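Engineer: This is the structure, below, for whatever I ask next.
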Amino acid sequence: MNKKDAIGIFDSGIGGLTVGHQVAKLMPNERIIYFGDTKHLPYGDKSKDAIIQYSKSITQFLLHQNCKMVVIACNTASALAFKSVKDLCEQKAIPVNVIDPVIDFTRNSNAQSVGIIGTKNTILSDVYASKIQALHSKVNTKSLATPLLVPMIEEGFYQNKISNTILSNYLEREELQNIDHLILGCTHYPLIEDEIKQYYKGSVEIVNSAKIVSKHIEKELIESDLLNTSQSHPKHQFHVSDFTDSFEQSAQYFFGQRINLKETRLK
Ligand code: DGL
């Protein structure tokens, strides 16, 4: 592993760009190779075996590009496939998931009642609730699967009437009442963070994993002496398994540069 090697980041679609964007902001010398598995989107309702298989082939692709780190910027794949990705990375790259840094974050918060929203797979895996309970048994957790949010965001529906209606319909549910923190347990959700904040009007603290994970990545790179400190004006690479205009527009929006989106088919 070398300081100049890229950071590999993957998700089912544009969600992981929220993590990539924060990484680029915090560590501007780092080069990113991003893979959006748009062909298999959404991951939220696929089988565990399928998620493991997709995650493994993307990891192999990123390792082949000599990435020094593989970031699973997807909660669903972090919940179901982290072990498989970690095994593949061995000594070749540092594996990072998006769940453990958030659990770590709750360690130092004053949360009493934590709401978690995510895909069906993430919520069914119970990973957030069980890890939080194991850390602090007195903290109450309340989980709700919000499966309409990923397709809604992928289609560019945010800050409009439709997204407002869908969102309030979920946030009003019995399952999420009386919470003081809300974990955005899906990397797509930071894209609707403003709307979620507008709904709660400051009464609930929103936990945005994209920011937390990027800080964790920086810490890991410093500890392994792999942070790229030389001025490098990196040219990021963006790959998708199935070309979509909306992905290209979102990546451009996030990275503020013309991007060259490549369609890359994996075995
Ligand atoms: N961004 C992914 C996550 O964090 C979305 C999953 C999906 O494709 O349904 O879980």
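Engineer: In region 145-156, is there at least one residue being out of contact with any Phe, Trp or Tyr (no Cβ under 7 Å at 6 or more places or on another chain), more than 15 Å from the ligand (Cβ to nearest atom) and open to solvent by 20 Å² or more (accessible area, probe 1.4 Å)?
Structural biologist: For region 145-156, residues out of contact with any Phe, Trp or Tyr (no Cβ under 7 Å at 6 or more places or on another chain), more than 15 Å from the ligand (Cβ to nearest atom) and open to solvent by 20 Å² or more (accessible area, probe 1.4 Å): present.
Engineer: Check region 208-215 and report whether any residue there is closer than 17 Å to I99 by Cβ, open to solvent by 20 Å² or more (accessible area, probe 1.4 Å) and touching a strand residue (DSSP E or B) at 6+ places or on another chain (Cβ under 7 Å). Explain how you work it out, then say what you get.
Structural biologist: Step one: filter region 208-215 for residues closer than 17 Å to I99 by Cβ, giving 208-215.
Applying the additional criterion that residues be open to solvent by 20 Å² or more (accessible area, probe 1.4 Å) yields 211-212, 215.
In the following step, the residues that additionally are touching a strand residue (DSSP E or B) at 6+ places or on another chain (Cβ under 7 Å) were identified as none.
No, there is no match, as no residue in region 208-215 is closer than 17 Å to I99 by Cβ, open to solvent by 20 Å² or more (accessible area, probe 1.4 Å) and touching a strand residue (DSSP E or B) at 6+ places or on another chain (Cβ under 7 Å).
Engineer: Of all residues in region 165-188, which are of a type outside the set (A, V, I, L, M, F, W, C), within 16 Å of the ligand (Cβ to nearest atom) and surrounded by fewer than 21 Cβ atoms within 10 Å (Cβ to Cβ)? Break it down stepwise before answering.
Structural biologist: We begin by selecting, within region 165-188, every residue of a type outside the set (A, V, I, L, M, F, W, C); these are 165, 168-170, 172-175, 177-178, 180-181, 185, 187-188.
Add one more test, that the residue is within 16 Å of the ligand (Cβ to nearest atom), and what stays is 170, 185, 187-188.
The one that is of a type outside the set (A, V, I, L, M, F, W, C), within 16 Å of the ligand (Cβ to nearest atom) and surrounded by fewer than 21 Cβ atoms within 10 Å (Cβ to Cβ): Y170.
Engineer: Among the listed residues L63, L80, L41, L88, which satisfies the condition of being within 13 Å of the ligand (Cβ to nearest atom), free of Cβ contacts under 8 Å to residues at least 60 places away in the same chain and within 27 Å of A251 (Cβ to Cβ)? First the steps, then the outcome.
Structural biologist: Numbers: L63 fails: within 13 Å of the ligand (Cβ to nearest atom); L41 fails: free of Cβ contacts under 8 Å to residues at least 60 places away in the same chain; L88 fails: within 13 Å of the ligand (Cβ to nearest atom).
Of L63, L80, L41, L88, the one residue that is within 13 Å of the ligand (Cβ to nearest atom), free of Cβ contacts under 8 Å to residues at least 60 places away in the same chain and within 27 Å of A251 (Cβ to Cβ) is L80.
Engineer: Could you tell me whether I196 is within 13 Å of I14 (Cβ to Cβ) and touching a residue at least 12 places away in the same chain (Cβ under 8 Å)?
Structural biologist: no
Engineer: Can you name the number of the only condition in (1) within 16 Å of the ligand (Cβ to nearest atom); (2) open to solvent by 30 Å² or more (accessible area, probe 1.4 Å); (3) over 16 Å from P42 (Cα atoms) that I162 fails?
Structural biologist: (1)
Engineer: Consider L124 carefully, then state whether it is aliphatic (A, V, I, L, M), under 22 Å from G16 (Cα atoms), within 16 Å of the ligand (Cβ to nearest atom) and without any contact (Cβ under 8 Å) to a residue 24 or more places away in the chain.
Structural biologist: So L124 fits the description; yes.
Engineer: Filter region 23-76 down to the residues that are in contact with a Lys or Arg (Cβ under 9 Å, 6 or more places away or on another chain), part of a helix (DSSP H, G or I) and under 13 Å from L266 (Cβ atoms), then identify the one that is most open to solvent (accessible area, probe 1.4 Å).
Structural biologist: Step by step, filter region 23-76, then rank; the result is Q60.
Engineer: Of all residues in region 127-140 being farther than 17 Å from N75 by Cα and in contact (Cβ under 8 Å) with a residue 24 or more places away in the chain, which is surrounded by the most Cβ atoms within 10 Å (Cβ to Cβ)?
Structural biologist: Going through the qualifying residues, I end up with V139.
The values are calculated or read from the model by the stated rules, or taken from the named source; none is laboratory data. Since the structure is predicted, the reported quantities are computational estimates derived from the model, not experimental observations. All Cβ positions, glycine included, derive from the backbone under ideal geometry; neighbour counts span all protein chains shown. Areas reflect the complete protein model, heavy atoms only, side chains present, ligands, DNA and RNA absent. Shrake-Rupley method; radii C 1.70, N 1.55, O 1.52, S 1.80 Å.
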